[in-house]
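Worksheet: one structure, shown below.
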Amino acid sequence: MAEGVRMTHIDNMRSRQNVRSTAIRGALLACTVLLQAQSTPPSTATQLPLSGRQGQTGSVSTTQATTNAGGAASVNLLNSSVNVQGPYSGSIPTATNTGTTLRLSLDNALTLGLRYNLGALSQSNALQQAEGLRRVAFSTLMPHLDSVVTENVVQSNLRTLGVNVPGIRAVVGPFNYFDARAARLNQTIFDFVRLGNLRSATETVTAAKESARDARDLIVLAVGGAYLQLTASNARIAAAQAQVDSSQAVYQQAADRLQAGVAARIDVTRTQVQWQTDRQRLRSLLGDRDSQMLALGRVIGLPLGQTFSIADNFPYAPLADLTLAQALEQADRQRADLAAAQAGVRAAEAALHAAHAERLPNLNLSADYGAAGLRPTTDAHGTFTVSGTLTIPLYEGGRIRGDIEQAEASVHQRQAELADLRGQVDRDVRQAFIDLGVAGDQIAVAASNVDLAHETLRQARDRFASGVADTVEVVQAEQVVVQADNDYISAVFEHNLAKVSLARALGAAERGIRQFLLK
């Protein structure tokens, strides 16, 4: 009997120890799970760059200097040029060299430039990046579903967890457990910060789309300006070649008169110097045209080493009826860079709202379902968890105030840049009208001077042939012809370039250049 009582007492002690051990093990597992859990950090507003112009790389612009560019005897008061910088001056060379001279029209050049210019490709990539960032911002508001399987082997010292029970050994384990969550869901119920971030990202995509559209206008300006420069160079080369032929004929005439004894040596020397000067000027013009052709080929992405010739020529044609007031109204409505700046302001304002929303509560839901146990066998049991977390910010150490101040600075900067851009658009339109008016007036005077200069040269040569004048008069008349031809060519170029600049200023360069030049 005593032995039975003793054995019963021992069994009870063992049972209590097993229960206590199981309780401790459960507490240990719970502590381990709690230590492994990570709290969800609070949402923070996306901070945009201070300036909305960060995505703009490179530029294309025209510059006009209202000076007497052709010298004291010139009627050319404009000196315009097209400045192409950054990616817009490059391209992706396409296809292979045909081995022949390609006849390149302006329409074909525009098509190639809009397809292969590096500026357009850069803006397209920037748009793709902005769309990716918007997709990321949108994903923070969507359900996140995944599956997780964990297997753990644990040996712990209970003393480190504050468990100090007499008779219980400090080291527990090793023991293992597994947890397989077939589905784990996290869902944002409401979070105004993330909503603000999404609105900001959406407006950033809009700004990127408008910037890509503006890039096309810049490419049209770059290609159109470069093409017009080549047409002007070809006209100057043709005039220079005619002048070389004329000065050579005068030189030969002077040499014949010297041999006949009716002219002085100085007449021959003077005409020879003029002939050599005209030939050197022609060589310089040819070299300048070749450099311009290389530049245009790079802008539009022609195959490496591909030779081409200009197929189009654009004589003077007055601009169709368009008032300054109409042009300003169209520019305000159509300019893509203006629309991009407005979207940039809206993006900054949405980011500011998101920064203010960091002070508001947010609610998140998490749920999971799976199986857990000592091992993935029949000992495992189905488990699930559903929890909702309401986070109410109380004190963030000034972080929220700092985010708001940064967002306010971005809004103010972008608003200032938008106002500045409105002024620039207004100036672009007005400047294009000024250049059109000045160039149009110059063309009429220059055309008259060309006729008078060529008539004067014919008379001077006749007088020299008749022996009533020396070569001084002929050489001076030749120089006047050179000046008159250059003035007329420059005036036509200035007028056509002003049309392209106006098309760009109106914000519809692709349609405008065809309306103003290719109609």
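The values are calculated or read from the model by the stated rules, or taken from the named source; none is laboratory data. All of these numbers come straight from a predicted model, not from anything done at the bench. All Cβ positions, even for glycine, are placed from backbone atoms using ideal geometry, and neighbour counts span all protein chains on display.
Structure data summary
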{"read-out": "Members of segment 439-476 that are farther than 14 Å from residue 316 by Cβ, among the hydrophobic types (A, V, I, L, M, F, W, C) and within 51 Å of the chain's Cα centre (by Cα)", "value": "452, 453"}
{"read-out": "Sole residue being assigned to a loop (DSSP other than H, G, I, E, B) and at pLDDT below 90, chosen from 173, 167", "value": "167"}
{"read-out": "Subset of segment 103-120 [of a type in the set (Lys, Arg) and more than 14 Å from residue 308 (Cβ to Cβ)]", "value": "115"}
{"read-out": "Tally of residues being within 30 Å of residue 374 (Cβ to Cβ) and touching a residue at least 40 places away in the same chain (Cβ under 8 Å) across segment 113-146", "value": "2"}
{"read-out": "Candidates 76, 125, 83, 152 - the one that is surrounded by fewer than 16 Cβ atoms within 10 Å (Cβ to Cβ), touching a helix residue (DSSP H, G or I) at 6+ places or on another chain (Cβ under 8 Å) and either assigned to a helix (DSSP H, G or I) or modelled with pLDDT under 90 (or both)", "value": "152"}
{"read-out": "When residues of segment 254-279 are limited to those that are touching a Leu at 6+ places or on another chain (Cβ under 8 Å) and closer than 17 Å to residue 465 by Cβ, the one surrounded by the fewest Cβ atoms within 10 Å (Cβ to Cβ)", "value": "264"}
{"read-out": "Verdict on residue 159 being part of a helix (DSSP H, G or I) and either within 30 Å of residue 418 (Cα to Cα) or polar (S, T, N, Q) (or both)", "value": "no"}
{"read-out": "Which listed residue, of 368, 403, is surrounded by 15 or more Cβ atoms within 10 Å (Cβ to Cβ), touching a helix residue (DSSP H, G or I) at 6+ places or on another chain (Cβ under 9 Å) and acidic (Asp, Glu)", "value": "403"}
{"read-out": "Hey, residue 432 hydrophobic (A, V, I, L, M, F, W, C), under 21 Å from residue 495 (Cβ atoms) and assigned to a helix (DSSP H, G or I) or not", "value": "yes"}
{"read-out": "Residue identified as touching an Asp or Glu at 6+ places or on another chain (Cβ under 7 Å) and within 23 Å of residue 509 (Cβ to Cβ) among 106, 121, 110", "value": "106"}
{"read-out": "Lone unmet requirement of (1) touching a residue at least 12 places away in the same chain (Cβ under 8 Å); (2) over 25 Å from the mean Cα position of the chain (by Cα); (3) closer than 30 Å to residue 218 by Cα for residue 317", "value": "(1)"}
{"read-out": "Count of residues meeting criterion [surrounded by 24 or more Cβ atoms within 10 Å (Cβ to Cβ) and either free of Cβ contacts under 8 Å to residues at least 24 places away in the same chain or more than 24 Å from the chain's Cα centre (by Cα) (or both)] in segment 217-246", "value": "1"}
{"read-out": "Selection count where residues are among the aliphatic types (A, V, I, L, M), outside any helix (DSSP H, G or I) and surrounded by fewer than 17 Cβ atoms within 10 Å (Cβ to Cβ), scope segment 285-308", "value": "1"}
{"read-out": "Scan of segment 314-347 for residues that are within 30 Å of residue 492 (Cα to Cα) and charged (D, E, K, R), ordered by number", "value": "321, 329, 332, 333, 335, 337"}
{"read-out": "Segment 382-400: number of residues that are outside any strand (DSSP E or B) and either surrounded by fewer than 13 Cβ atoms within 10 Å (Cβ to Cβ) or in contact with a Gly (Cβ under 6 Å, 6 or more places away or on another chain) (or both)", "value": "5"}
{"read-out": "Pairs, first on the phi < 0 side of the Ramachandran plot and without any contact (Cβ under 8 Å) to a residue 60 or more places away in the chain in segment 470-489, second in a helix (DSSP H, G or I) and of a type in the set (Gly, Ala, Ser), C-beta under 8 Å, six or more apart", "value": "473/460; 476/460; 477/453; 477/460; 484/446; 484/453; 488/446; 488/447"}
{"read-out": "Selected residue [over 29 Å from residue 203 (Cα atoms), surrounded by 12 or more Cβ atoms within 10 Å (Cβ to Cβ) and among the basic types (Lys, Arg)] from 181, 134", "value": "181"}
{"read-out": "Of all residues making up segment 419-431, the number that are of a type outside the set (S, T, N, Q) and surrounded by fewer than 17 Cβ atoms within 10 Å (Cβ to Cβ)", "value": "7"}
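Here's the yes/no breakdown for (1) among the aromatic types (Phe, Trp, Tyr); (2) in contact with a helix residue (DSSP H, G or I) (Cβ under 9 Å, 6 or more places away or on another chain); (3) touching a residue at least 60 places away in the same chain (Cβ under 8 Å):
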residue: 324; (1), (2), (3): no, yes, yes
residue: 334; (1), (2), (3): no, yes, yes
residue: 351; (1), (2), (3): no, yes, yes
residue: 359; (1), (2), (3): no, yes, no
residue: 384; (1), (2), (3): yes, no, no
